[in-house]
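Here's the structure we're looking at; comments come further down.
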Amino acid sequence: MSSWPHAPAHHFEEAGTYMVTAGTYRKEHLFKGEARLTLLQDRLFTLALKYRWQLQAWAVFENHYHFVAVTTDESPDLARFLSHLHGDTAREANREDHAAGRRVWYQFWDTRLTYERSYLARLNYVHQNPVKHHRVAAAHLYPWCSARWFEREASPAFVRTVASFKTDRVKVSDDF
């Protein structure tokens, strides 16, 4: 009998659009407070640029994050990108908490988005995630989320289109 993998395989063989979710170990709230949330978001931005993953939507929380990003043939694989992100943020959180060697990140889940409707629903899902998690009454009020940026940068027609997509049937690991 072959061994059973402990997590789903992550295959990135072609450019495309992906939704990614990652959670902290045991869902611990290791990124509490403005400084930690800003650290995580800033590292996400910096490394997405370095690894050529074009962010379309993001939401960062104390114990997890979501993002939607587009890759090209020149983009390094997701595992490399997230390994760098998770390593940097874990080391910094552990340094600040005097907890050397503590496990910070658990794993990540990814979905390649191949249908426009799926893409639009997931954009809306990520933008609205701060409301889902009861952080704010309106997503654009949460500073560690793309909702405000999206409303400012996208055309009003596209903002309305994305907002019209229901998110209740989006299957995302999000029981944080």
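The values are calculated or read from the model by the stated rules, or taken from the named source; none is laboratory data. Computed from a prediction, not measured in an experiment: that's the story for all the values here. Heads up, the Cβs are rebuilt from the backbone with ideal geometry, glycines too, and the neighbour counts pull from every protein chain shown.
Just a few scattered comments:
- Checking the stretch 121-136 against the condition returns no match, with no residue being closer than 20 Å to Ala57 by Cα, loosely packed, with under 15 Cβ neighbours inside 10 Å, among the basic types (Lys, Arg) and out of contact with any helix residue (DSSP H, G or I) (no Cβ under 9 Å at 6 or more places or on another chain).
- Any hit, the stretch 33-55, residues being in a strand (DSSP E or B), in contact with a helix residue (DSSP H, G or I) (Cβ under 8 Å, 6 or more places away or on another chain) and closer than 22 Å to Ala139 by Cβ: yes
- Taken across the stretch 62-83, residues that are assigned to a helix (DSSP H, G or I), modelled with pLDDT of 95 or more and hydroxyl-bearing (Ser, Thr, Tyr) do occur, with at least one present.
- Per-region count, the stretch 58-114, residues over 12 Å from Thr21 (Cα atoms), crowded, with 19+ Cβ neighbours inside 10 Å and of a type in the set (A, V, I, L, M): 5
- Among the residues of the stretch 98-123, the one identified as among the acidic types (Asp, Glu) and in contact (Cβ under 8 Å) with a residue 40 or more places away in the chain is Asp110.
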